[in-house]
Amino acid sequence: MQDLTPGFGGLSVVSFESRMADEAVLLIRKYGGQPISAPSLREVPLEVNTEALEFAERLMKGHVDVVLFLTGVGTRAVIRIASSRHDREAFLRALAGATVVTRGPKPIVALGEVGLKPTVTVPEPNTWRDVLATLDRRLDVRGKVVAVQEYGRANAELLAGLRDRGAEVFRVPVYQWALPEDTAPLVHALRGIAEGAADVLLFSNAAQVDHVLEVAREEGLEASIRESMERLVVASIGPITSEALRERGFPVDFEPRRSKIGVFIQEASLACPALVARKREVRVQIGVWERPQPAAPLAGERPLPCLDGSFMKACRREPVERVPIWLMRQAGRYMKAYRDVRSRVSFLELCHNPQLAAEVTVTAAEQLGVDAAIIFADILLVTEPMGVGLEFLRGEGPAIHRPVRTAEDVDLVREVDAESSLGFVFEAIRLTRAALAPRIPLIGFAGAPFTVASYVTEGKASEHYLHTKGLMLRDTGAWNALLGKITRATTDYLNGQIRAGAQAVQVFDSWVGCLSPHDYEMHVLPHMRRLFAGLQAGVPVIHFGTGTAALLELMKAAGGAVIGVDWRVELGAAWDRLGEVAVQGNLDPAVLLTDEPTIRREAWRVLDQGRGRPGHIFNLGHGVLPQTPEENVHALIRAVHEYPVEKV
Ligand code: CP3
């Protein structure tokens, strides 16, 4: 049957659906697309399921108050597994005696098959938020034992939400996903995607995302798949799948109004042609920035010229002819070229796109004429694979949707495999290194464990850090476990950046100044020591913090070839205390809102304090403020470069 609507209009559409793979192919064709079927999973029932059996036992003893069924297949599996060990009727009687909550229509049908009815039903679209909102209206779970039937991966938000409401939660996983027996079609499709042969990807289940990534990685295609996904249209069947995509750093361009495969494909067919055109247009516009890449230096043959430039010399405290300068946030909103790019892509999309991130990095460094480039990224990217729900809200900065505040929350924070989940940053570094003038060093960076932990516990920027300090002081075990996870991730992440081509790295401990020296020493210093000890030797590390007047000696003890300070200490006085180490800083960023003579006077006042001491790297005390006039940044760089050579 030929449909009258033009639909996909001949686009090539990849479907990762497995159970309904054939139906999906027919639907894509019906709506005018060229289907590429790439089944990516297979359900594996957990036949020997100790959790489900334990659940049955506890339920029959009357120790479970509420049972939450999330899927129809899962509901049937629980009943089947329980009946394999226990008397089926007795189990069903016990279930009838508990408060049963269902999400969506399918578990209701499954319960109906055994003559049961739920006590509370959660209507569509039934994400974890809807489940919690319904419970808030209908059922007080405080002090209750709540069993949650899970499918695929655990839903950390739902579990945390139930615990926040005072429930004792226990999880009943009933089936998991495996790769299909035959992965050839998936591999074939991924190669096609990497080569630019696909226009639209249809994700119809959250578990598909991990499988696609896993196979892409095995085939050595991850970076090209990620890059392609910025160009083609990524369609997700519903909010749970979208969340899985975003958590792994993929864009989500389309979601249907209802999470049904038929509706999904039909609505996608209507929306996708325009979305594909828009994404291509963005590429073309941004392409204005594209430059022919100079040939990469011959690896291993000759050291990069930048290793002998003023920045690297200063890191090693060797004499220089002029004080090197670079600026934190040198590629940022104060810069028109940056705002132009940001008008077309979101901040996270920009970070996830190695080509664009490299272009932004190189353009900023070259326009400014600074002595070092810093890779365009963010200290919070490392929290994405931890599964805490990172988002950047327009105009409001970062938000973490599942803040980590208890020992249980810490347990749910995933260990990070930097190579697989942050590989896009490594790729951006490789592209930047190849495009950047060979004499300009490239700085990689990461947040320090304390500062990253403060975001992860507060959920956003904070004034008093009450949750962070609460966890740190009340539950040292949980605190150390959290900092341990962040430290391991950060060590891997920075070493990966170094391997990818960064000549130096900076560790941003932007918020550590809120701590007393005692608390820093007890709760932060050991982790910082471990971090510095784990980093590739021979690569200078800049250890930066703000508001650190009381912590300088401890920061130096923690590590770093260069200590970064802000303007709330006088550079000379700070250096006297620090002794034998290079120092970076420390002009107040507010000075850049004045005028050229003031900027020159204040910059030279800072330079005078570093006079005669090898190892001064000029910088602001913190990032360039968005309201800074661009010409003032140029004026600062001129002023630093024109500081009389005999004074250096
Ligand atoms: O310095 C550079 O040019 C490299 C890029 C860079 C960014 N963030 C880009 C960014 C670096 C080094 C960072 C580090 C960073 N990120 C820190 C430590 C340094 C500091 O400023 O204290 C922190 C705390 C973050 C977390 C973060 N990222 C916040 C609090 C915000 C929102 C506030 C703000 O300035 O907008 C971001 C967003 C962010 N990171 C932007 C940029 C250019 C602005 C996002 C946008 O384009 O809208």
task: Using only Cα atoms, figure out Rg for segment 332-584 and give it as a multiple of 2.2 N^0.38 Å.
output: 0.98
- request: For the chain, report the accessible area per residue in Å² (1.4 Å probe, heavy atoms, rounded to an integer).
  value: 41
- line: Those GluC sites (Glu not before Pro) from segment 526-632 that are DSSP loop and have at most 11 other Cβ neighbours within 10 Å turn out to be E580
query: For segment 516-648, what percent of Cα pairs sit more than 26 Å apart?
result: 27
field: Separation in nanometres of the label points that stand 7 Å from Cα toward Cβ, at H401 and A197
entry: 3.5
Percent of C-alpha pairs per 10 Å bin, segment 71-145, short to long: 18, 48, 29, 4
statement: One would report the antiparallel percent of DSSP beta bridges in the chain, rounded to the nearest 5, as 15
query: For helix 128-138, what angle does its Cα long axis make with the longest principal axis of the chain, in degrees from 0 to 90 and rounded to 10?
result: 60
query: Which value, in debye to the nearest 20, describes the size of the charge dipole of segment 44-178 about its Cα centre when Lys and Arg Cβ atoms bear +1, Asp and Glu Cβ atoms bear -1, and nothing else is charged?
result: 160
- line: Scoring the chain by relative contact order with C-alpha pairs under 8 Å, at least six apart, yields a percentage of 11
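Of all the Cα-Cα pairs you can form in segment 311-362, what percent are over 17 Å apart?
Numbers: 633 of 1326 pairs.
Within segment 311-362, distances greater than 17 Å cover 48 percent of Cα pairs.
Could you tell me what percent of the accessible area of the chain is made up of carbon and sulfur, with a 1.4 Å probe and every protein chain present?
On the way: 13820 of 26670 Å².
Roughly 52 percent of what the probe reaches on the chain is carbon or sulfur.
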query: In nm, to one decimal, how far is the modelled label at A550 from the one at L53, with both set 7 Å along Cα→Cβ?
result: 5.6
- request: Enumerate the residues in segment 614-648 having an amide nitrogen under 18 Å from the point lying 7 Å beyond the Cα of D595 toward its Cβ.
  value: 628-636, 639
message: Which one, V276, T457, A24, is farthest towards the positive end of the dipole of the chain when Lys and Arg carry +1 and Asp and Glu -1 on their Cβ?
response: T457
message: If R₀ is 45 angstrom, what is the calculated FRET efficiency for the pair M522 and T119, using the beta carbon separation as r and rounding to 0.05?
response: 0.40
query: By the gyration tensor of its Cα atoms, with a ≥ b ≥ c the square roots of the eigenvalues, what is the shape of segment 499-554: rounded for a/c under 1.5, prolate for a/b over b/c, or oblate?
result: prolate
Convex hull of the chain built on C-alpha atoms - directionally averaged projected area, nm²: 30.9
- line: If R0 = 41 Å, then A277 and E23, at their Cβ-Cβ distance, give a FRET efficiency to the nearest 0.05 of 0.90
message: I'd like the FRET efficiency for E318 and E630, computed as 1/(1 + (r/R0)^6) with the beta carbon distance as r and R0 of 22 Å, rounded to 0.05.
response: 0.10
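Under the rule that an exposed site lies in a DSSP loop and has at most 11 other Cβ atoms within 10 Å, name the longest stretch of the chain with no trypsin sites (Lys or Arg not before Pro) of that kind, not counting the sites themselves.
For trypsin sites (Lys or Arg not before Pro) (loop position, at most 11 other Cβ atoms within 10 Å), the longest site-free span of the chain is 395-648.
With the contact rule set at Cα under 8 Å and sequence spacing of 6 or more, what percent relative contact order holds for segment 44-178? Could the numbers behind the result be given before it?
Values: 229 pairs, mean separation 43.2, N = 135.
So the answer I get is 32 percent.
If we count every other residue with Cβ under 13 angstrom of I443's Cβ, Lys/Arg +1 and Asp/Glu -1, where does the sum land?
With Lys, Arg at +1 and Asp, Glu at -1, the neighbours total +1.
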- request: Check each of the GluC sites (Glu not before Pro) in segment 134-184 and keep only those in coil by DSSP with at most 12 other C-beta atoms within 10 angstrom; list them in order.
  value: E181
- request: Between beta-carbons, use under 14 Å as the cut-off and find the net charge around H527, counting Lys and Arg +1, Asp and Glu -1.
  value: +1
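Report, in deg cm²/dmol and to the nearest 500, the calculated mean residue ellipticity at 222 nm for the chain, where each DSSP H run with n ≥ 4 adds -39500 (n - 2.57) and the sum is divided by the residue count.
So the calculated ellipticity at 222 nm is -14000 deg cm²/dmol.
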statement: Length gained, A481-D340, 0.36 nm per residue minus C-alpha separation, equals 46.6 nm
task: Please work out the Kirkwood hydrodynamic radius for segment 107-183, using every pair of different C-alpha atoms, and report it in angstroms with one decimal place.
output: 14.1
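Taking every DSSP beta bridge that has both residues in segment 332-584, what percent is antiparallel when rounded to the nearest 5? Walk me through the numbers before you get to the answer.
Values: 4 of 22 bridges.
Beta bridges within segment 332-584, antiparallel portion: roughly 20 percent.
Over segment 1-111, what portion of Cα pair distances is larger than 19 Å, expressed as a whole percent?
On the way: 3619 of 6105 pairs.
For segment 1-111, the share of Cα pairs beyond 19 Å comes to 59 percent.
Take the Cα atoms of segment 44-178, build their convex hull, and give its volume per residue in Å³. It would help to have the intermediate numbers written out before the result.
Values: hull volume 12.7 nm³, N = 135.
In segment 44-178, the Cα convex hull volume per residue is 94 Å³.
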- line: Taking Cα atoms, the helix 261-286 axis meets the longest principal axis of the chain at an angle in degrees (rounded to 10) of 10
- prompt: Tilt of helix 630-641 relative to the longest C-alpha principal axis of the chain, in degrees (0 to 90, nearest 10)?
  reply: 50
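The values are calculated or read from the model by the stated rules, or taken from the named source; none is laboratory data. The shown structure was predicted, so the numbers you read here are calculated from the model rather than taken from an experiment. Backbone-built Cβ (ideal geometry, glycine too); neighbour counts: all protein chains shown. What goes into the accessible areas is simple: the full protein's heavy atoms, side chains included, and nothing from ligands, DNA or RNA. Shrake-Rupley method; radii C 1.70, N 1.55, O 1.52, S 1.80 Å.
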